[in-house]
Structure formats: structure tokens, C-alpha cells
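Worksheet for the structure shown next.
The values are calculated or read from the model by the stated rules, or taken from the named source; none is laboratory data. As the structure is a computational prediction, the values presented were derived from the model and not from experiment. Counting neighbours? That spans all protein chains shown, and the Cβs are built from the backbone with ideal geometry, glycine included.
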Amino acid sequence: MSPESTTTPPRRALVMGPSGFVGSHVTRKLAERGDDVRVYLRRTSSTVAIDDLDVERCYGDLYDEEALRAAMADRDVVYYCIVDTRFHLRDPAPLFETNVHCLRRVLDVAAKAGLHRFVFCSTIGTIALGDGSRPVTEDMSFDWGDKGGAYIESRRQAEDLVLSYARDRGLPAVVMCVSNPYGPRDFQPHQGLMVQYAAFGRIPAYIKGVSTEVVGIEDVAEAFLLAAERGRVGERYIISESYMPMREMLTTAARAVGAKPPRFGIPLPVVYATVWVATAVARLLRREIPMNPTGLRLLHIMAPADHGKATRELGWQPRPTAESLERAARFYVEQARTAADG
């Protein structure tokens, strides 16, 4: 389907996971466009990112089939943005429970809901690494093996599950393989944590030779809306703007707010050794730490990716991610000042 052949986009949307970074920006983009927006969330979820929006709220969890059916009733599009990203867990069972088993319950309901599209938030981690000779694309087979650990495996299984429902159950699903998103209104930073520290001038060093795929969060949200209008059912789309060195990413954020950028690089083997020691100590103390060897590997293992399919088929035109990094840095600083004044 070409962009020129599309008709008026559907206007009745359900966002699942609206309290997260991606979900909140999708919700905001829909509301700003004037759509009829419903969100599905737990009563305990933080809603600071969407509290200023006029949207209908439905409460429930991924085990409540009745609530799921009610939330999807009369909707044209479901944007599914729920994911457990805790790659550092010693016990990976919660990753598979949320990312795979609970997803299956949602898909069972969605397959019977008469939707126009089911836009699924996946990860660029399900895309191949390739051999380095050219940027990777959606058509290349997954070749990570077990390098990504339980987190990547749970995301890969989730994506395969969605595609199987599109193939076998008639679910009009489109899969969005999103890279590391950055930008404003990141109230609970995960990928953005290092950018936040850089904005505060708290990162004196960067890791040498580390680059990763990045994208602006508002461009991610725009891609989701385009996928609901133009995405081909059963297809995957890489949603990533560029392959950026860590040094450039952190320096861009720091300079946007006048903070000191990182001044020297640390060799990757030294960082691995430090993380291995910290992980071993945490294991002995039966504690979780926010970074382990798998998480460090995910920082640098990704290959340059080609988002040309999203441009051709969705009409997606992302802006330079540096602009989003600058906006993210300013947001973190403003939030810190507001908290200090409050």
C-alpha cells in the first residue's frame, strides 16, 4: 500500500501502556490530532506523562479478559506499548510472563475485536546483527543466538507471536522495531538515564568505540500513527534514525544545557571487567543491579540499521536525533529545577 492510496485515518484509538515513554507520546500525538483516545492502564500506574490530556481511562491488567474486551470495544486501532525491559533480572520469568504469556491473552481478545490495525511496539533487538558489510534490514534473519540474554529472547518470542496471529488468526498487526528513543517528557528515564546524567554534568567519561541506533521519541510516536494508516499487515518496520557514537550522544546532551561533556574514553574491556565484578558481588548479596554484562552488551552490539522501508511505505521522515537529545537534556534540567523549587 502506497502512502497516496490511504484514506482518512481511523480516529478511535486505544493505547495500552500509556504511562510509559513510547505509550505516553503516542497518546499525546493522538490527542493533539483530535482523535477519540482511550487508554488502558492499572490504577497504580504513574500518569504524570498524560495527566494534562483529555482521554478516556479504562482500568485493568493483562489478566482481566473482561476489562480487555471492554477497552477494545468500538476501537479502530490498538497501540500496544506494554513491555517489561528489566534485562538485569536474575530470574527472567517476569520478562516472559509480561512480554509473551500476557501478550497472548491480549492477542486472543484483539483477534476477535474487529480492529483496523494492531500496532505492536517491538524492539530493534529483534533485527539481525549482520556481518557489518551493510546496514541491517527487516528481511534479514535473526542471528544473535543467545547474546541478548533472556530480555531479547522474550522480545523475539513476543514479536513472533504477534506475527503468527497476523498470519493464522487474521489479526491486522503491524510490528514496530523501535531503537533507543530520546526526547522530552521522559519522567521515568531508562534509555535516557545516561543522557540525564550527561545533562547534569555527571558523566566524565564515555566508553570507547561504542555506537548504537537512536531515534527521537516524537518521531517514534509519529511512526506509530503512520503505521495505523499505512502499515502493511504482518510486516515489520525499523523505527530508528541513525547510528550514533556514545561520545557524540552524551556530548550533544551536555552542551545543550551548558554542562561539561565527557572528557575521556574508557576502553570497553575495562568496563566489562568492572561490570563483571559488580555483578558477581550483587549475586553473592542476592541483589539486583541496573547493569550487568548482558546490558552492557546491548549498549554496543547493535549494527547500523536501514529505516528505508518505513520511509517508503509509511512516509516516515524522522528528524535528526541530536535535536531530540537536546530537548531531552533541557527537559531533565527543567524538571530538576522544578523539583528543587517545589
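Please return the ranges of strands (runs of 3 or more DSSP E) entirely within segment 18-95 where 3 or more residues are surrounded by fewer than 20 Cβ atoms within 10 Å (Cβ to Cβ). Before you say what the answer is, go through the steps one by one.
Working: elements: 36-41, 56-59, 77-80.
Because the criterion is at least 3 residues that are surrounded by fewer than 20 Cβ atoms within 10 Å (Cβ to Cβ), the strands (runs of 3 or more DSSP E) in segment 18-95 that meet it are 56-59.
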Pairing a residue in segment 265-288 that is polar (S, T, N, Q) with any residue that is at pLDDT below 85, where Cβ atoms lie under 6 Å and the two sit 6 or more apart in sequence or on different chains, gives 279/292
Conditions (1) of a type outside the set (Phe, Trp, Tyr); (2) within 22 Å of the chain's Cα centre (by Cα); (3) at pLDDT 95 or above -> residue 116 fails only (2)
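Before we move on, is residue 139 free of Cβ contacts under 8 Å to residues at least 12 places away in the same chain and part of a loop (DSSP other than H, G, I, E, B)?
Working: free of Cβ contacts under 8 Å to residues at least 12 places away in the same chain: yes; part of a loop (DSSP other than H, G, I, E, B): yes.
For residue 139, the condition - free of Cβ contacts under 8 Å to residues at least 12 places away in the same chain and part of a loop (DSSP other than H, G, I, E, B) - is met.
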**Request:** Please verify whether segment 205-216 includes one or more residues that are crowded, with 17+ Cβ neighbours inside 10 Å and part of a helix (DSSP H, G or I).
**Result:** no
Residue pairs qualifying under the 6 Å Cβ cut-off, at least six apart or on distinct chains, with the first in segment 151-170 being in contact (Cβ under 8 Å) with a residue 40 or more places away in the chain and the second being of a type in the set (Asp, Glu), are none
So, first residue free of Cβ contacts under 8 Å to residues at least 60 places away in the same chain in segment 225-252, second residue among the hydrophobic types (A, V, I, L, M, F, W, C) and assigned to a strand (DSSP E or B), Cβ within less than 8 Å, six or more apart or across chains; the pairs are 246/207
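Would you mind stating whether residue 267 is more than 27 Å from residue 15 (Cα to Cα) and in contact with a Leu (Cβ under 6 Å, 6 or more places away or on another chain)?
In short, no.
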If we keep only residues of segment 286-342 that are of a type in the set (S, T, N, Q) and farther than 30 Å from residue 209 by Cα, then the residue surrounded by the fewest Cβ atoms within 10 Å (Cβ to Cβ) is 338
